[in-house]
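The values are calculated or read from the model by the stated rules, or taken from the named source; none is laboratory data. What you see is a predicted model; the values in this text were computed from it and never measured. Every residue, glycine as well, gets a Cβ built from its backbone with ideal geometry; the counts of neighbours run over all protein chains shown.
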Amino acid sequence: MTETVTLEAVDSRPTGTRAMLLEFWSYFSENRGAVIGLAFFIAVVLVAIFADFIAPHAPNEQYRDALLQPPFWQEGGSLKFPLGTDAIGRDMLSRLIHGAQYSLFIGCIVVSLALAAGVILGLAAGFFRGRVDTFIMRIMDIVLAFPSLLLALVLVAVLGPSLINAMIAIAIVQQPHYVRLTRAAVMGAMTKDYVTAARVIGVRSLRLMFVTILPNCMAPLIVQAALSFSTAILDAAALGFLGMGAQPPTPEWGTMLAEAREFILRAWWVVTFPGIAILTTVLAINLMGDGLRDALDPKLKRS
């Protein structure tokens with residue numbers, strides 16, 4: 001009987017992946033700001049997924065009898081348009097809801113492109129060293145020498161103004177950060193015993209790079225990806241505001257700000273609400289990134 005109880009107690013303890021997830025959540029949840037940021041980010045994701053069902057109107061539907069109508073709590077407002085309408089009678093709430101889709105899409109694509117290219121180049125630089133390392137890092141230094149938004153503007157001007165080209169330009173601008181992080185992590189891992197043992201038993205270079213070394217270098221890359229997600233949204237909004245990103249009538253938050261510039265004094269809501277959407281989303285992602293850093297960095301964990 002005693003043996004059975006002991007075995008059941010041992011089996012009930014979290015092991016493997018579950019134990020790692022519980023430990024991660026334990027450290028992550030200690031940062032209240034990170035938990036709030038995660039909750040808000042999940043809400044934005046759900047809004048983006050179900051935008052077609054949540055939005056009261058189509059994002060580009062125009063109501064000519066309700067041009068620049070104020071929010072419902074102001075005189076002249078209506079619950080039909082809770083956050084008012086823009087200069088051509090489009091519902092602000094519906095456009096903000098659909099704008100979440102574009103912002104999350106931008107963040108996912110930019111981070112994926114920058115992370116994939118940065119990891120490959122960083123692995124090659126840190127693993128092979130020598131001329132390969134010098135060549136890759138000098139190119140990254142040249143990219144970092146330019147102000148990020150200015151370089152993105154130049155690249156979009158060369159490729160042509162569009163949302164796709166803006167995402168490519170932002171990914172190129174962000175790539176050096178991933179290259180440097182990956183290179184530093186790989187160089188540190190190369191001195192570890194498990195890498196030496198893998199080389200002794202004859203593990204091939206590609207397997208050593210992507211199977212043995214890379215998984216042990218992912219913690220700083222995950223944190224960087226979370227923070228770059230918010231940067232991508234900001235840069236895309238800036239390019240959209242300057243007319244070099246998403247083009248009208250796309251309900252992207254930066255483009256909405258650009259369209260509303262001339263009405264800022266007499267229709268505050270057409271500028272304020274897209275700005276608040278950008279501010280709160282970026283803030284939530286940054287708070288979440290801080291929590292990821294605390295949970296994944298072993299130096300910050302208590303013994």
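Just to verify a result, which residue in segment 69-92, among those that are surrounded by fewer than 17 Cβ atoms within 10 Å (Cβ to Cβ) and not small (Gly, Ala, Ser), is farthest from residue 51 (Cα to Cα)?
75
Does at least one position in segment 235-251 carry a residue that is more than 23 Å from residue 86 (Cα to Cα), surrounded by 21 or more Cβ atoms within 10 Å (Cβ to Cβ) and not aliphatic (A, V, I, L, M)? Talk me through it step by step, then tell me what you get.
Taking segment 235-251 first, the residues more than 23 Å from residue 86 (Cα to Cα) are 235.
Now drop any that are not surrounded by 21 or more Cβ atoms within 10 Å (Cβ to Cβ), which leaves 235.
After this cut, where a residue has to be not aliphatic (A, V, I, L, M) as well, the list is 235.
Among the residues of segment 235-251, at least one is more than 23 Å from residue 86 (Cα to Cα), surrounded by 21 or more Cβ atoms within 10 Å (Cβ to Cβ) and not aliphatic (A, V, I, L, M), which makes the answer yes.
Would you confirm whether or not segment 97-114 contains a residue that is over 21 Å from residue 276 (Cβ atoms) and not in a helix (DSSP H, G or I)? Steps first, please.
So the first thing to find is which residues in segment 97-114 are over 21 Å from residue 276 (Cβ atoms), and the list is 108-114.
Remaining after also requiring not in a helix (DSSP H, G or I): none.
So far as segment 97-114 goes, no, none of its residues is over 21 Å from residue 276 (Cβ atoms) and not in a helix (DSSP H, G or I).
For segment 94-106, does any single residue satisfy the condition of being basic (Lys, Arg), within 28 Å of residue 226 (Cα to Cα) and surrounded by 16 or more Cβ atoms within 10 Å (Cβ to Cβ)?
Of segment 94-106, the ones basic (Lys, Arg) are 95.
After this cut, where a residue has to be within 28 Å of residue 226 (Cα to Cα) as well, the list is 95.
Checking the rest, the ones that are also surrounded by 16 or more Cβ atoms within 10 Å (Cβ to Cβ) come to 95.
Yes.
Can residue 81 be described as modelled with pLDDT of 90 or more, among the hydrophobic types (A, V, I, L, M, F, W, C) and within 20 Å of the chain's Cα centre (by Cα)?
Spelling it out, it is not the case that residue 81 is modelled with pLDDT of 90 or more, among the hydrophobic types (A, V, I, L, M, F, W, C) and within 20 Å of the chain's Cα centre (by Cα).
Just to be sure I understand the filter: pairs with C-beta atoms under 6 Å, separated by 6 or more residues or on different chains, first member in segment 50-70 and without any contact (Cβ under 8 Å) to a residue 24 or more places away in the chain and of a type in the set (S, T, N, Q), second member assigned to a loop (DSSP other than H, G, I, E, B) and surrounded by 15 or more Cβ atoms within 10 Å (Cβ to Cβ). Which pairs pass?
So the pair list comes out as 69/84.
Can residue 91 be described as acidic (Asp, Glu) and either modelled with pLDDT of 90 or more or within 29 Å of the chain's Cα centre (by Cα) (or both)?
Numbers: acidic (Asp, Glu): yes; either modelled with pLDDT of 90 or more or within 29 Å of the chain's Cα centre (by Cα) (or both): yes.
Against the criterion (acidic (Asp, Glu) and either modelled with pLDDT of 90 or more or within 29 Å of the chain's Cα centre (by Cα) (or both)), residue 91 qualifies.
Of all residues in segment 45-61, which are of a type outside the set (A, V, I, L, M) and either over 32 Å from the mean Cα position of the chain (by Cα) or surrounded by fewer than 17 Cβ atoms within 10 Å (Cβ to Cβ) (or both)? Give the derivation first.
Kept after step one, since they are of a type outside the set (A, V, I, L, M), are these residues of segment 45-61: 50, 52-53, 56-57, 59-61.
Residues satisfying the conditions are 50, 52, 53, 56, 60, 61.
Here's a check for you: in segment 77-96, which residue that is charged (D, E, K, R) and in a loop (DSSP other than H, G, I, E, B) is farthest from residue 166 (Cα to Cα)?
From segment 77-96, those charged (D, E, K, R) are 80, 86, 90-91, 95; that's our starting set.
Right, trim to in a loop (DSSP other than H, G, I, E, B) and you get 80, 86, 90.
Details: 80: 34, 86: 25, 90: 25 Å.
Ranking the candidates gives 80 first.
Which of the residues spanning segment 263-281 are assigned to a loop (DSSP other than H, G, I, E, B) and touching a residue at least 40 places away in the same chain (Cβ under 8 Å)?
Quick first cut of segment 263-281, residues assigned to a loop (DSSP other than H, G, I, E, B) only: 264-268.
266, 267 - these are the residues of segment 263-281 that are assigned to a loop (DSSP other than H, G, I, E, B) and touching a residue at least 40 places away in the same chain (Cβ under 8 Å).
What do you reckon, is residue 40 at pLDDT 80 or above, exposed (fewer than 10 other Cβ atoms within 10 Å of the Cβ), in a helix (DSSP H, G or I) and hydrophobic (A, V, I, L, M, F, W, C)?
Taking the combined requirement at face value, the residue does not satisfy it.
Residues 78, 103, 112: which one is closer than 30 Å to residue 213 by Cα and among the polar types (S, T, N, Q)?
One residue alone meets the criteria, 112.
Take the residues of segment 140-150 that are aliphatic (A, V, I, L, M) and surrounded by 14 or more Cβ atoms within 10 Å (Cβ to Cβ): which is modelled with the lowest pLDDT? Quick ask: steps written out before the conclusion?
First pass over segment 140-150, keeping only residues aliphatic (A, V, I, L, M): 140, 142-145, 149-150.
Next, from what is left, pick out any that are surrounded by 14 or more Cβ atoms within 10 Å (Cβ to Cβ): 140, 143-144, 149.
Working: 140: 92, 143: 90, 144: 89, 149: 85.
Selected residue: 149.
Check 88, 120, 97, 109 and return the single one that is within 25 Å of residue 219 (Cα to Cα) and either in contact (Cβ under 8 Å) with a residue 24 or more places away in the chain or of a type in the set (Asp, Glu) (or both). I'd like the intermediate steps shown before the answer.
On the way: 88 fails: within 25 Å of residue 219 (Cα to Cα); 120 fails: either in contact (Cβ under 8 Å) with a residue 24 or more places away in the chain or of a type in the set (Asp, Glu) (or both); 97 fails: within 25 Å of residue 219 (Cα to Cα).
Every option except 109 fails the conditions.
If the Cβ limit is 8 Å and pairs must be 6+ apart or interchain, which residue in segment 21-33 that is in contact (Cβ under 8 Å) with a residue 60 or more places away in the chain and charged (D, E, K, R) pairs with which residue that is in a helix (DSSP H, G or I) and surrounded by 13 or more Cβ atoms within 10 Å (Cβ to Cβ)?
From residues that are in contact (Cβ under 8 Å) with a residue 60 or more places away in the chain and charged (D, E, K, R), the pairs are 30/294.
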